[in-house]
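**Student:** Supplied in structure tokens, the structure appears directly below.
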Amino acid sequence: MVQHQPKLDATFAALADPTRRGVLQRLGRGEASITELAEAFDMTLTGMKKHVALLEEAGLVDTEKVGRVRTCRLGRKRLDAESRFIATYHQMLEERLEHLSKFLESHGEEKP
């Protein structure tokens, strides 16, 4: 049975979109306003606000509003839980490949 983990779900949902990944890459070079991000991605302000809101909900981006300008920067989230989740599946895949390799060896087949 699948266990839902809301924080992991929010992070992976945020990272699933190429525009949001691009925003994170852009913010890795320094903070930017939502207007600057919208221009860089040839997008409306409303569209970029939605992307930034999802990234902010996932803890990947922090924003600060001063006057009429909302500035974005990378969030403090370290992705430790997400890395552990991926590592678990990586280990499971390695174990399955090892079992397949042993099976093929015992049946006279070459390793894949």
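**Student:** Could you work out the local net charge near residue 49, counting Lys and Arg as +1, Asp and Glu as -1, over the other residues with Cβ closer than 12 Å to its Cβ?
**Tutor:** With Lys, Arg at +1 and Asp, Glu at -1, the neighbours total +2.
**Student:** Using 5 Å bins from zero, what percent of all Cα-Cα pairs in region 23-73 falls into each bin?
**Tutor:** Percent of pairs per bin, in order: 5, 23, 36, 28, 8, 0.
**Student:** Taking the Cα centre of the chain as the origin and placing charges on Cβ (Lys, Arg +1; Asp, Glu -1), which of 32, 18, 79 is farthest toward the positive end of the dipole?
**Tutor:** Working it through, the farthest residue towards the positive pole turns out to be 32.
**Student:** What angle do you read, to the nearest 10 degrees and between 0 and 90, between the alpha-carbon axis of helix 6-15 and the longest principal axis of the chain?
**Tutor:** For helix 6-15, the angle is close to 80 degrees.
**Student:** Suppose R0 equals 30 Å; then what is the FRET efficiency for residue 84 and residue 29 from their Cβ-Cβ distance, rounded to the nearest 0.05?
**Tutor:** Working from the Cβ atoms, E equals 0.60.
**Student:** Between Rg and the Kirkwood Rh of the chain, both from Cα atoms, what is the Rg to Rh ratio?
**Tutor:** Over the Cα atoms of the chain, Rg/Rh equals 1.22.
**Student:** Turning to a different aspect of this structure: For the chain, find the longest principal axis of its Cα atoms and tell me its angle to the long axis of helix 45-57, 0 to 90°, nearest 10.
**Tutor:** With both axes taken from Cα atoms, the answer is about 50 degrees.
**Student:** Connecting C-alpha atoms closer than 10 Å in a GNM of the chain, tell me which of 14, 58, 81 has the biggest fluctuation.
**Tutor:** The residue with the greatest mean-square fluctuation here is 81.
**Student:** Moving on. In debye, nearest 20, what is the charge dipole magnitude of region 1-93 about its Cα centre with +1 on Lys and Arg Cβ and -1 on Asp and Glu Cβ, if you could check?
**Tutor:** My answer is approximately 160 debye.
**Student:** A further question follows. So, counting K/R as plus one and D/E as minus one, what does the shell of residues with Cβ under 15 Å around residue 68 add up to?
**Tutor:** Net charge in that neighbourhood comes out at +1.
**Student:** Relative to the first principal axis of the alpha-carbon coordinates of the chain, what is the inclination of helix 18-27, with its axis defined by its Cα atoms, in degrees from 0 to 90 and to the nearest 10?
**Tutor:** Rounded to the nearest ten degrees, it is 60.
**Student:** Still on this structure: Calculated FRET efficiency, residue 100 and residue 50, Cβ-Cβ r, R0 35 Å, to nearest 0.05?
**Tutor:** Computed FRET efficiency for residue 100 and residue 50 comes out at 0.20.
Any read-out appearing in this document is the output of simple, stated calculations on the displayed coordinates, not a laboratory observation. These numbers come from a predicted model, not from an experiment. Virtual Cβ from ideal backbone geometry, glycine too; neighbours counted across all protein chains shown.
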